[in-house]
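What follows is a single structure, written as structure tokens, with notes after it.
The values are calculated or read from the model by the stated rules, or taken from the named source; none is laboratory data. Computed from a predicted structure; not experimentally measured. Don't worry about glycine lacking a Cβ; one is built from the backbone with ideal geometry, like all the others, and counts go over all protein chains shown.
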Amino acid sequence: MDAEAGSDARAPVRMEDIVSLCARRGFVFQSGEIYGGINGFWDYGPLGVELKNNLKAFWWQRVVRERGDVVGLDSAIITHPRTWEASGHVEHFTDPMVDCRACKRRFRADQLADAGPCPAREGTSEHDLTPPRQFNLMLRTQIGASEDASATAWLRAETCGSIFTDFRRLREVARQKVPFGIAQIGKAFRNEINPRNFTFRSREFEQAELEFFCHPDATGEWFERWRDERVRFHRDLGFGDDVLRVRPHDEKELAHYCRNAVDLEFRFPFGWQEIEGIHDRGTWDLERHGEYSGKDLSVTDEETKERFVPAVVETSVGMDRTALALLCNGYAEETLEGGETRTVLRLAPVVAPIKAAVLPLSKKLAEPAQRLAAELRRHWNVFYDESGNIGRRYRRQDEVGTPFCVTWDFDSESDQQVTVRERDGMTQERIPASRLAEWLRERLDGSTGHSTTRD
Ligand code: GAP
């Protein structure tokens, strides 16, 4: 088998390499490609959907399943329009927008540095801008046949709205007492003025949100606990100090509902950017929904008999942004001994789209190798590949982050052993085929990433 060795130096990642890998291997590509694409919308191909599903499952495991004090929800994307009036979105969820009268393009007034020169003006490259106007980011739709205002509804701009409106029912059915949390993963929609940086700022994206309800006096404590817990999550995805930081908001930045907030920021090739927000929302949400619905959303402390409206600590993370961060963090081009370059995606096994690839050394060995792959597929997403030389097959798996390649060779026929080659160190180990599933389980299940450092 090929002996491989390479340098471990990690050069800075370029966005174009990530975009190109994603298109070439079908992780993520523009939606509506055959019609020229639609700005701000993305489709996840076979590897992308596995990556994102694994990420969502890992989040759900950590935030819901491993705890006794958080329950799950999967609510409708379109909910009662009053939800968004109560939350302040109809009134406040806006960005300042300007139009160029010459080239007709539209920009965010606070991001004009990115606008570039105007292609449509003679004698100057400056845009001919209108004064800023507030532009609501919520996507509006119409329900039923009527077209009057009463039929207007909104695609949710964040997933948490229904967590608040369902709070009373969920607390009862789940037999939970405050403090406890409700979690949801789902699509959110924002009519971003300038979608950009690949999937980073999209118009349709997925959020994983936790709303943790507690006594208003306890938000400080829960805020810190959840902040630390969420940092642990990202560390386990392999994000080291060099790419992940906690940035507290200053007062001017705080959203209208927020008393305290930190962003968890990732160092993308285009700079430090938020991937998760942790917010002390106080009693804003339940008070507003109580007021707008006329329902009492307060609870009674059984010991003290105090009646109070619970406050909320929220953790809100973008699945698409985190998936992009995983791709950026994992991507490396290495020079191997002999001068060959390999592209490798060092994904934490827990999120890797393919956990193992089974590669027969020759097409003549296809039958036992396929049997082995079928057996492993009962547990994990396993890829089978018999075409091309073994070195090239390794490279194809390295590039998509497959932690282990299993080779069935001519000796395997007699000794019933396989060679397992590990992605990062490219080390190889010979193990009995009968022990393979157990060997992989020890290394895959619950296996998170080690934080790596990039220059
Ligand atoms: N409920 C609070 C909330 O929605 P946010 O900071 O507006 O807070 C939370 O959004 C997360 O959702 C962000 O940290 C980001 O990861 C993701 N997100 C927000 N807008 C996005 C967009 N246009 N495209 C992709 N992800 C986005």
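So, Thr159, is that one modelled with pLDDT of 95 or more, of a type in the set (Val, Ile, Thr) and either within 30 Å of Ile182 (Cβ to Cβ) or in contact with a helix residue (DSSP H, G or I) (Cβ under 9 Å, 6 or more places away or on another chain) (or both) or not? Please lay out each step first, then the result.
Numbers: modelled with pLDDT of 95 or more: yes; of a type in the set (Val, Ile, Thr): yes; either within 30 Å of Ile182 (Cβ to Cβ) or in contact with a helix residue (DSSP H, G or I) (Cβ under 9 Å, 6 or more places away or on another chain) (or both): yes.
Yes; evaluated as a whole, the condition is true for this residue.
Is it fair to say Gln142 is of a type in the set (S, T, N, Q), touching a residue at least 12 places away in the same chain (Cβ under 8 Å) and more than 15 Å from the ligand (Cβ to nearest atom)? It would help to see each step written out before you state the result.
Values: of a type in the set (S, T, N, Q): yes; touching a residue at least 12 places away in the same chain (Cβ under 8 Å): no; more than 15 Å from the ligand (Cβ to nearest atom): yes.
It is false that Gln142 is of a type in the set (S, T, N, Q), touching a residue at least 12 places away in the same chain (Cβ under 8 Å) and more than 15 Å from the ligand (Cβ to nearest atom).
Among the listed residues Asp301, Asp285, Asp296, identify the single one that is under 29 Å from the mean Cα position of the chain (by Cα) and among the acidic types (Asp, Glu).
Values: Asp301 fails: under 29 Å from the mean Cα position of the chain (by Cα); Asp296 fails: under 29 Å from the mean Cα position of the chain (by Cα).
Sole residue among the options that is under 29 Å from the mean Cα position of the chain (by Cα) and among the acidic types (Asp, Glu): Asp285.
Taking into account only those residues within the range 108-139 that are under 30 Å from Ser87 (Cα atoms), free of Cβ contacts under 8 Å to residues at least 60 places away in the same chain and in a helix (DSSP H, G or I), which is nearest to the chain's Cα centre (by Cα)?
My answer is Asp110.
How many residues are touching a Ser or Thr at 6+ places or on another chain (Cβ under 8 Å) and in a loop (DSSP other than H, G, I, E, B) when one looks only at the range 54-104?
Residues flagged as touching a Ser or Thr at 6+ places or on another chain (Cβ under 8 Å) and in a loop (DSSP other than H, G, I, E, B) within the range 54-104 amount to 7.
Is it true that some residue in the range 239-247 is within 25 Å of Ala352 (Cα to Cα), small (Gly, Ala, Ser) and at pLDDT 95 or above?
yes
Within the range 194-209, does at least one residue satisfy the condition of being of a type in the set (Asp, Glu), under 30 Å from Thr304 (Cα atoms) and touching a helix residue (DSSP H, G or I) at 6+ places or on another chain (Cβ under 7 Å)?
Start the filter on the range 194-209 by keeping residues that are of a type in the set (Asp, Glu), which leaves 204, 206, 209.
When the remaining residues are screened for being under 30 Å from Thr304 (Cα atoms), the result is none.
No.
Under 9 Å between Cβ atoms, at least 6 apart or on separate chains: pull out the pairs that start in the range 166-187 with a residue that is of a type in the set (Lys, Arg) and end on any residue that is assigned to a helix (DSSP H, G or I).
Lys177/Arg171
For the range 192-213, give me each residue that is more than 9 Å from the ligand (Cβ to nearest atom) and at pLDDT below 95.
Ile193, Asn194, Arg196
Only one residue in Gln428, Gln397 is modelled with pLDDT of 95 or more and closer than 30 Å to Arg62 by Cα, so which one is that? So that I can check it myself, show each step before the final result.
On the way: Gln428 fails: closer than 30 Å to Arg62 by Cα.
Residue meeting the stated conditions: Gln397.
For residues that are touching a residue at least 60 places away in the same chain (Cβ under 8 Å), within 21 Å of Ala366 (Cβ to Cβ) and not basic (Lys, Arg), tally how many sit in the range 421-439. Let's see the steps before the verdict.
Our first condition is that a residue be touching a residue at least 60 places away in the same chain (Cβ under 8 Å); within the range 421-439, this holds for 421, 423-424, 426, 428, 433, 436-437.
Filter once more, so that each one left must be within 21 Å of Ala366 (Cβ to Cβ): 421, 433, 436-437.
After this cut, where a residue has to be not basic (Lys, Arg) as well, the list is 433, 436-437.
Of the residues in the range 421-439, 3 are touching a residue at least 60 places away in the same chain (Cβ under 8 Å), within 21 Å of Ala366 (Cβ to Cβ) and not basic (Lys, Arg).
Do you know which residues across the range 411-448 are charged (D, E, K, R), assigned to a strand (DSSP E or B) and crowded, with 18+ Cβ neighbours inside 10 Å? Break it down stepwise before answering.
If we filter the range 411-448 for residues that are charged (D, E, K, R), which is where we start, we get 411, 413, 415, 421-424, 429-430, 435, 438, 441-443, 445.
Those still in the list that are assigned to a strand (DSSP E or B) too: 421-422, 429-430.
Selection gives Arg421 alone.
Under the condition of being over 30 Å from Arg321 (Cα atoms) and touching a residue at least 40 places away in the same chain (Cβ under 8 Å), which residue from the range 289-305 is farthest from the ligand (Cβ to nearest atom)?
From the range 289-305, those over 30 Å from Arg321 (Cα atoms) are 290-305; that's our starting set.
Imposing the further condition that a residue be touching a residue at least 40 places away in the same chain (Cβ under 8 Å) reduces the set to 291-293, 295, 297, 299, 301-302.
Values: Glu291: 20, Tyr292: 18, Ser293: 19, Lys295: 22, Leu297: 18, Val299: 22, Asp301: 27, Glu302: 30 Å.
Per the stated criteria, the residue is Glu302.
Can you tell me how many residues in the range 121-166 are in contact with a Leu (Cβ under 9 Å, 6 or more places away or on another chain) and on the phi > 0 side of the Ramachandran plot?
Result for the range 121-166: 0.
Go through the residues of the range 328-343 one by one and say whether even a single one is of a type in the set (Val, Ile, Thr), modelled with pLDDT of 95 or more and closer than 30 Å to Ser202 by Cβ. Spell out the reasoning first.
Our first condition is that a residue be of a type in the set (Val, Ile, Thr); within the range 328-343, this holds for 335, 341, 343.
Narrowing further to those that are modelled with pLDDT of 95 or more: 343.
Subset that is closer than 30 Å to Ser202 by Cβ: 343.
Yes: one or more hits.
How about the range 306-381: which strands (runs of 3 or more DSSP E) wholly inside it have at least 1 residues that are in contact with a Cys (Cβ under 8 Å, 6 or more places away or on another chain) and away from the ligand (no atom under 16 Å from the Cβ)? Give the derivation first.
Working: elements: 311-318, 331-335, 341-345, 356-360.
The qualifying strands (runs of 3 or more DSSP E) are 356-360.
Quick one: in the range 145-165, which of the residues that are without any contact (Cβ under 8 Å) to a residue 12 or more places away in the chain and in a helix (DSSP H, G or I) is surrounded by the most Cβ atoms within 10 Å (Cβ to Cβ)? Write out each step before concluding.
Step one: of the range 145-165, the residues without any contact (Cβ under 8 Å) to a residue 12 or more places away in the chain are 145-151.
Of the ones still in play, those that are also in a helix (DSSP H, G or I) are 149-151.
Details: Ala149: 7, Ser150: 10, Ala151: 13.
Among those that are without any contact (Cβ under 8 Å) to a residue 12 or more places away in the chain and in a helix (DSSP H, G or I), it is Ala151.
Which condition number does Gly271 fail, the rest of (1) within 16 Å of the ligand (Cβ to nearest atom); (2) in contact (Cβ under 8 Å) with a residue 40 or more places away in the chain; (3) among the small types (Gly, Ala, Ser) being met?
(2)
What are the residues in the range 113-134 that are touching a strand residue (DSSP E or B) at 6+ places or on another chain (Cβ under 8 Å) and modelled with pLDDT under 90, if any?
Quick first cut of the range 113-134, residues touching a strand residue (DSSP E or B) at 6+ places or on another chain (Cβ under 8 Å) only: 114-115, 118, 120, 127-134.
Correct list: Asp114, Ala115.
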